[in-house]
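This report refers to the structure that appears directly beneath it.
Readers should treat all values here as calculations from the given coordinates under stated rules, not as data from a laboratory. Every value quoted in this text rests on a predicted model; they were computed, and no experiment measured them. Backbone-built Cβ (ideal geometry, glycine too); neighbour counts: all protein chains shown.
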Amino acid sequence: MKKPMKSVIATAVLGISLIAGFSFASAGSEKDDLKSDKVTFFGSPTSSISSSVAVPQHYNRLSFSGTVPPLLNKDGKTTYERYGDTETQAIGILEKFKADLKAKGLSLADVIYLRVYVAPDPNKGDIPDYQGWFDAYAQFFNTKENSVKTARSTVGVESLVSPDYLIEIEAEVAYKNNNKSKSK
C-alpha cells in the first residue's frame, strides 16, 4: 500500500514540476516578446481571441467610440427588418470599421481590441445572443484573410440607446508611426 501511494505522489510532483517548467519557459518567451518592435498578441493558440496585446511605443493609436449597426430598411416593421439580428448587426458594424479603416489606409488587421455590448434579443428568449456575435467575429478575425485575434471583452447589457440595437462595438487600433521624429 505504501508503494502505490509513493508512486502517486512521485507522479504528482513530476507533473507539477513539468507544468511549472512550461509556465516559466512560456513566461520567459512572453517577456522577450514585450521587447518586440511590432504589435504582439498573446494567448492560447486554440482561442479565437488574444488574452493580451503589447503595442510598442512608436505605434499610433486610433479609438472608435461605440458604433451601432447600420439601418437596413427604414420601413421595416420589426427590429430584424430594420437592423437585423445580432449577427447581422455585428457584421454591419464590422463592415463599417473595415470601410473606415480602409479610407485611413488601415485594415481590420490593425485592430487590437474590441469592447462589445450585447443587449437582450426579444426573439431569442430576451437574452443576449452571444453566439450571433461570436459567429460575426469569426467572419472577420482569426481567418485566412486576417489572422489577427484581437483582445476582446463581451458584456451583456440591459439595453442600448435604441431598442432596435442589439449590439454596440468599440474598437482600438494600433498602427506603425512611420514619421518618427529625429532627436537632435
| query | By its C-alpha gyration tensor, with a ≥ b ≥ c as the square roots of the eigenvalues, how is the range 62-133 shaped: rounded for a/c under 1.5, else prolate for a/b larger than b/c, else oblate? | reply | oblate
| Alpha-carbon spread of the range 96-180, three principal axes, descending order, Å | 51, 28, 20
| Proximal charge balance of TYR175 [Cβ under 9 Å; K/R count +1, D/E count -1] | +2
| Taking H as built 1.01 Å from N, whose amide H comes closer than 5 Å to the amide H of GLY156, not counting residues under 5 places away? | VAL118
| field | Length-normalised contact order for the range 34-139 - Cα pairs under 8 Å, 6+ apart - percent | value | 19 percent
| remark: In order over the range 70-79: 3J(HN,Hα) from phi, Karplus 6.51/-1.76/1.60, θ = phi - 60°, whole Hz, x for each Gly or Pro, gives x, 6, 8, 8, 5, 8, x, 8, 10, 3
| query | When the label point is put 7 Å from the Cα of GLN131 along its Cα-to-beta-carbon vector, which residues of the range 48-69 have a backbone N closer than 18 Å? | reply | 48
| query | For ALA138 and LEU71 in the same chain, what is the full-extension length gain: residue separation times 0.36 nm, less their Cα-Cα distance, in nm? | reply | 21.9 nm
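Which of the pairs LYS104/LYS144; LYS104/LYS176; LYS144/LYS176; LYS96/LYS176 have their Cα atoms more than 20 Å apart in this structure? Show your work: numbers first, answer last.
On the way: LYS104/LYS144 23 Å; LYS104/LYS176 13 Å; LYS144/LYS176 22 Å; LYS96/LYS176 22 Å.
Long pairs (Cα-Cα over 20 Å): LYS104/LYS144; LYS144/LYS176; LYS96/LYS176.
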| said: Can you give me the distance in nm between label points at ASP100 and GLU145, each placed 7 Å from the Cα along the Cα-to-Cβ direction? | reply: 1.9 nm
